[in-house]
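Read the figures in this text as sums done on the coordinates, not as results from a lab. Note that the structure is a prediction, hence the values are computed from the model and not measured. Glycine gets a Cβ as well: all are built from the backbone with ideal geometry, and neighbour counts include every protein chain shown.
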Amino acid sequence: MKIFALILSVACFGLMNCVRGQQFAGERASLSNASAGPSNLEIELLVVQVPQALALPLIPKLSDRAQSESAVDEIHALIANNQARLIAWPVVKTKSGQRAVFEQVEEFRYATDYDPAERVTKTDSASKDLQKKSKATTTIVKEVDAIPVGFETRNVGVTLEVEPLTVDGIIIDLSLVPQHNLLLSMRRVEIEDKASGRKVIVEQPIFHTNKVTTSLSVRNGDYTLLGTFKMPKPEGYIELFILHTRIKTL
């Protein structure tokens, strides 16, 4: 009986391995169909701001491959119910090994260098009537505290640079740089004219940047949490970068 039980146990173990092997082979074959024939790579980046109380339980789910898709569904529901803020959702397509760039930006131009303050005047000539003995008069037309002479331009918004490479129709290697630049506010800055000692107040922008520069490997169809950022404005929010990569057969 012991020998029979041992033979039966070995047979069952072999059968289970065979079934698992067939399941794995079937999964690999279905995924490999994505590499059959010409294909493009579709890369999505979900940029969303979620209240901290709601974001904290979502972050572990987004980091777990088995729960990431359901966590993204929860985020979509939050956006639909105005409980989360959708900042951008770029979708780009490219060929394997080809770089793709997405930009959703607004150019913000601001002064960086100033000339000293100046006073623009107008002088009236003296009267020719000697009896009146009038003198020339000077009228102040306008005063300029500081004259901007140097400018810079900053892109405000979301950009995505990505270069994907398919390995075997299942694994995708990615080099990417997602970035969110935003204008927080304008602050008043005091500058001084060294020649006259006169001080004037000008406004300068305060920018904030959330950025990830990375290279990683993902599976076809996976959701990947790329970054979490605590926002200075609006307070109490966490910004999430969520990547979704798929192979799209033509």
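Taking the mean number of other Cβ atoms within 10 Å as a proxy for protection, how do you rank 198-210, 39-51 from highest to lowest? Walk me through the numbers on the way to the answer.
Details: 198-210: 13.5, 39-51: 20.0.
Order by mean packing, descending: 39-51, 198-210.
A simple spin-label model places the labels of LEU54 and LYS199 4.6 nm from each other, with each point 7 Å out along Cα-to-Cβ. Take the Cα of HIS76, step 7 Å toward its Cβ, do the same at THR214, and the gap between the two points is 2.2 nm. Net charge in the neighbourhood of VAL158 (other residues with Cβ under 12 Å of its Cβ; Lys, Arg +1, Asp, Glu -1) is -3.
The stretch between ASP168 and THR112 holds 15.1 nm of extra length on full extension. This uses 0.36 nm per residue minus the Cα-Cα distance.
Cβ under 10 Å from GLU203's Cβ, GLU203 left aside: what net charge do those residues give with Lys, Arg +1 and Asp, Glu -1? Before the final figure, lay out each step's value.
Details: positive: ARG187, ARG188; negative: none.
After counting each charged neighbour, the total is +2.
With 0.36 nm allotted per residue and the present C-alpha distance subtracted, the GLN98-PHE151 stretch has 15.6 nm of extension available.
Applying 1/(1 + (r/R0)^6) with r as the Cβ-Cβ distance of VAL91 and SER175 and R0 = 22 angstrom yields a FRET efficiency of 0.75.
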